[in-house]
Amino acid sequence: MKKKILVTGGAGFLGSHLCERLLNEGNEVLCLDNYFTGGKQNIEHLISNPYFELIRHDVTMPFFVEVDEIYNMACPASPIHYQYNPIKTIKTSVMGAINMLGLAKRIKAKILQASTSEVYGDPEVHPQTEEYWGSVNPIGPRSCYDEGKRCAESLFINYHNQNDVRIKIARIFNTYGPRMHPADGRVVSNFIVQALQGNDITVYGDGSQTRSFCYADDLVDGLIRLMNTDDSVNGPINIGNPNEFTILELAQKVIELTASKSKIIYEPLPTDDPLQRQPNIDKARKILGWEPKIKLDEGLVKTIEYFKKVL
Ligand code: NAD
Ligand code: UDP
């Protein structure tokens, strides 16, 4: 059945893949964005579709519309962008959640929050399970993002408990793929752009910190499966790829796959940069019947092809 679906942050990296998939599945999609880190170039191929609608709006302001489902993706995700205006980042997560939950409550829509592995902070539990409460520095440079997302999770669960809003919370782990902005600042796009342009590859710290990288298509598949679970599913679910790599390994892989002559250089590790990160995805496997299919090498090749075209 055709659904009417609102995607906030729909012109961003993940939002644009989500809009495309939802349209392909026969839905009507309303894409809302303030174009802070996203852009029309990400969704221009969708604009001629009569079931696609683009709205310039900021989620910190109330929004009125009639839809069946809401994916709340709006929020800058790269540290350089979310730290550019930290107060605005907090407002986007907190006021954005309040506005979208208020909307969901009024129109009885189902709503999914794009939460993050950052709610675990610099984790003492490894791999991270949904039961782990996290280790976040509440006054550090990442707190505008981490605590904003943690507050959004609290708002979601309380709107569910108090007002019966049908909620889903996806804890998304590092995701990469085509349509990341070349100046996004996150590690995969930085390394690929540096390698393709023959510039030095900037490894922060000694490169021994780890991340687990999920390809965008796998991630979007997980989000849609989560939205489609029955109403008894409302706790957070990790969505990410459990294959863990050091940042140095990632740099070497990118150099190899691009056949680049770039050299690795070392720069200071940013404050509060988590040392390790790997999702435990037992819940996603069991409840969503989902696990990532695309291996890092395969996903990197596709992403490199994309950046070759846009650079
Ligand atoms: P992105 O920066 O490419 O996309 C975010 C989008 O939200 C952009 O289009 C931006 O313009 C829009 N936006 C920002 N503030 C807004 C506001 N106040 N009102 C309306 N629109 C606004 O980032 P992404 O990687 O696509 O991330 C999408 C979501 O997924 C974010 O909520 C992010 O926190 C979450 N997430 C992403 C990752 C990842 O690795 N990509 C990991 C964890 C969580
Ligand atoms: N990083 C790096 N070089 C870069 C960009 C990032 O070494 O040019 C490191 C960063 O310090 C972190 C990891 O890569 O340890 C992932 O960073 P990213 O910003 O992509 O995501 P997050 O830290 O939010 O997981």
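The values are calculated or read from the model by the stated rules, or taken from the named source; none is laboratory data. Just so it is clear, the structure is predicted and the values come from calculations on it, not from any experiment. Don't worry about glycine lacking a Cβ; one is built from the backbone with ideal geometry, like all the others, and counts go over all protein chains shown. To get the accessible areas, we keep the full protein, side chains included, count just its heavy atoms, and leave off ligands, DNA and RNA. Shrake-Rupley method; radii C 1.70, N 1.55, O 1.52, S 1.80 Å.
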Subject >> Mean separation of Cα contacts under 8 Å (6+ apart) over length of the chain, as relative contact order % >> reply: 17
Original post:
For all pairs of alpha-carbon atoms in region 260-311, what percent lies in each bin of width 10 Å, listed from the first bin to the last filled one?
Top reply: 16, 25, 38, 19, 3
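Which of the residue pairs LYS3/LYS40; LYS88/LYS293; LYS91/LYS308; LYS149/LYS308; LYS88/LYS283 have a Cα-Cα distance greater than 30 Å in the structure shown? Please report the intermediate quantities before stating the final value.
Working: LYS3/LYS40 23 Å; LYS88/LYS293 36 Å; LYS91/LYS308 36 Å; LYS149/LYS308 33 Å; LYS88/LYS283 33 Å.
In this structure, LYS88/LYS293; LYS91/LYS308; LYS149/LYS308; LYS88/LYS283 exceed 30 Å between Cα atoms.
Per residue, how much accessible area does the chain show when a 1.4 Å probe rolls over the protein heavy atoms, in square angstrom?
On a per-residue basis, the chain sits at 44 Å².
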Original post:
If you place +1 on the Cβ of every Lys and Arg and -1 on the Cβ of every Asp and Glu, how big does the dipole about the Cα centre of the chain come out, in debye to the nearest 20?
Top reply: 600
Original post:
Of all accessible surface on region 44-183 at a 1.4 Å probe, what whole percent is carbon and sulfur?
Top reply: 56
**OP:** Among VAL233, VAL165, GLN252, pick out the residue whose Cα is farthest towards the positive end of the charge dipole of the chain, where Lys and Arg carry +1 and Asp and Glu carry -1 on C-beta, about the Cα centre.
**Re:** VAL165
Original post:
Quick one: of the DSSP bridges fully inside the chain, what percent are antiparallel, nearest 5?
Top reply: 10
Original post:
What is the distance, in nm, between label points placed 7 Å from the Cα along the Cα-to-Cβ direction at GLU244 and at LYS105?
Top reply: 3.9
Original post:
When the chain is treated as a GNM, springs tying every alpha-carbon pair under 10 Å, which of THR229, THR175, THR202 comes out with the largest mean-square fluctuation?
Top reply: THR229
Subject >> Distance from region 7-73 to region 258-295 (C-alpha centre basis), Å >> reply: 26
